[in-house]
Amino acid sequence: MKKIILGSLLALSIAVPALAHPPITVYVDQQEVVFADQAPVIVDDRTLVPMRKIFEAMDADVTWDEPSQTITSTRGSDVVTMTIGQKQVYKNGKVVYTMDVPAQIKQDRTMVPIRAVAVAFDANVAWDGINYVIDITTDGTTSGNYSKQIHADDGTLLATVSLTYSPLTSNSTAADKINKNINDQMSQKASVMTERLELAAKAAYTKNPASFQPYYYMGTYQAKGEGSDFASVVLEERTFMGGTETKTISADTYNMKNGSDAALTDIVTDSEKELETLMEKGFSALIDQNPNAFYGDAKDRLSKNLDEVGFYLDNNTVVFYLNSGIIAPESAGVIAFSVPR
């Protein structure tokens, strides 16, 4: 990466480009759902699925009311309604979930975020962000991942905790060690977040049940940049505990020879000083490109918080990232740039 530092950094690291993704495949109870005219799509970082097709695959009856632009799904004694352009999901007359992206129509099909499907009929949803596969289970299982819903004594949904992992696929002792390590992390994270959300949600619901919106924590572990020498595992976390959803990522990189942790200096030949220069130039380039998206003193904040910069491998690149709130407001999300490895 030294050549980048010496001259071509700014041309290469202004932004991480959006890459085309493979078609999204959906399974309901291990049966693939075939979409004839409108496939699932990603909108504003949320995966939207055709509501009727998914709910019918879950043995729900679906009706559409044109005047009110409302779709109603009935499964057993549960009645779920959503209205085009609105973010609320109603279950048996109560708001049980507020979507980041509202229900919308594409190709004459009502599209809703996949998480709304999970909340609607207490299903579990696992997302494989590497292969773009959605696995919906209606019997309470989670395909080896973790999902738990917390309810009040009156049956109101208070919180959902969900963790998934798209593991390393190498057939090696190192990969097995890493996968076990991540699964152990998931178990500990699940315990901590379940207790945290349960206490906070119960308190908030007791205080003001009329305006309460269900809390949630979603953690997605994804293996990235898996090669014969190194691999990274990235944890993307989304948390809602009233107010605004927070988004963060964290990453660990491993040596694929022995499964041990790997530092950036194990992967590249640059010195720590050269890497600091690289980070400052990369993030400074992003600030210069769109200064209004950052704090006014973003560059001063950057120089004081270089130890907060994380990294992970993605194909043949190294991605450097800073979580929101460090050099930019929460609304900016994760700030990142990539350089060739």
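The values are calculated or read from the model by the stated rules, or taken from the named source; none is laboratory data. As the structure is a prediction and not an experimental result, all values here were calculated from the model. Because the Cβ atoms are built from the backbone with ideal geometry, glycine has one as well, and the counts that use them run over all protein chains shown. Quick note on the areas: whole protein, heavy atoms, side chains included, nothing else; ligands and nucleic acids left out. Shrake-Rupley method; radii C 1.70, N 1.55, O 1.52, S 1.80 Å.
Key figures for this structure:
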read-out	value
Subset of the range 257-278 that is of a type in the set (A, V, I, L, M) and within 25 Å of the chain's Cα centre (by Cα) - its residue that is farthest from Lys177 (Cα to Cα)	Leu264
Residue in the range 80-90 that is aromatic (Phe, Trp, Tyr), in contact with a Pro (Cβ under 8 Å, 6 or more places away or on another chain), within 29 Å of Met241 (Cα to Cα) and part of a strand (DSSP E or B) present	no
Among (1) over 14 Å from Leu275 (Cβ atoms); (2) in contact with a strand residue (DSSP E or B) (Cβ under 7 Å, 6 or more places away or on another chain); (3) surrounded by fewer than 22 Cβ atoms within 10 Å (Cβ to Cβ), the one test that Ala332 misses	(2)
Residue in the range 73-93 that is small (Gly, Ala, Ser) and in contact (Cβ under 8 Å) with a residue 40 or more places away in the chain present	yes
Residue that is farthest from Thr269 (Cα to Cα) [pool: residues in the range 1-34 that are in a loop (DSSP other than H, G, I, E, B), open to solvent by less than 40 Å² (accessible area, probe 1.4 Å) and modelled with pLDDT of 75 or more]	Val33
Matching residues in the range 141-195 - criterion: being touching a Ser or Thr at 6+ places or on another chain (Cβ under 6 Å), touching a residue at least 40 places away in the same chain (Cβ under 8 Å) and open to solvent by 20 Å² or more (accessible area, probe 1.4 Å)	Asn145, Lys148
Cβ pairs under 7 Å, 6+ apart, first in the range 296-316 and at negative phi and open to solvent by 90 Å² or more (accessible area, probe 1.4 Å), second of a type in the set (Lys, Arg) and part of a loop (DSSP other than H, G, I, E, B)	Asn316/Arg341
Test: residue in the range 156-169 that is closer than 19 Å to Tyr97 by Cα, of a type outside the set (A, V, I, L, M) and either modelled with pLDDT under 80 or part of a loop (DSSP other than H, G, I, E, B) (or both)	yes
Residue list for the range 209-220, filter: touching a Lys or Arg at 6+ places or on another chain (Cβ under 9 Å) and either crowded, with 21+ Cβ neighbours inside 10 Å or at positive phi (or both)	Tyr216, Tyr217, Met218, Gly219
Any strands (runs of 3 or more DSSP E) falling wholly within the range 37-78 and containing at least 1 residues that are of a type in the set (Lys, Arg) and touching an Asp or Glu at 6+ places or on another chain (Cβ under 7 Å)	46-50, 70-75
Some residue of the range 214-223 being part of a loop (DSSP other than H, G, I, E, B), within 30 Å of Ala126 (Cβ to Cβ), touching a helix residue (DSSP H, G or I) at 6+ places or on another chain (Cβ under 9 Å) and in contact (Cβ under 8 Å) with a residue 60 or more places away in the chain	yes
Residue tally, condition farther than 22 Å from Pro67 by Cβ and open to solvent by 60 Å² or more (accessible area, probe 1.4 Å), over the range 101-126	1
Filter pass, Thr206 being out of contact with any Lys or Arg (no Cβ under 6 Å at 6 or more places or on another chain) and either within 22 Å of Val233 (Cβ to Cβ) or open to solvent by less than 80 Å² (accessible area, probe 1.4 Å) (or both)	no
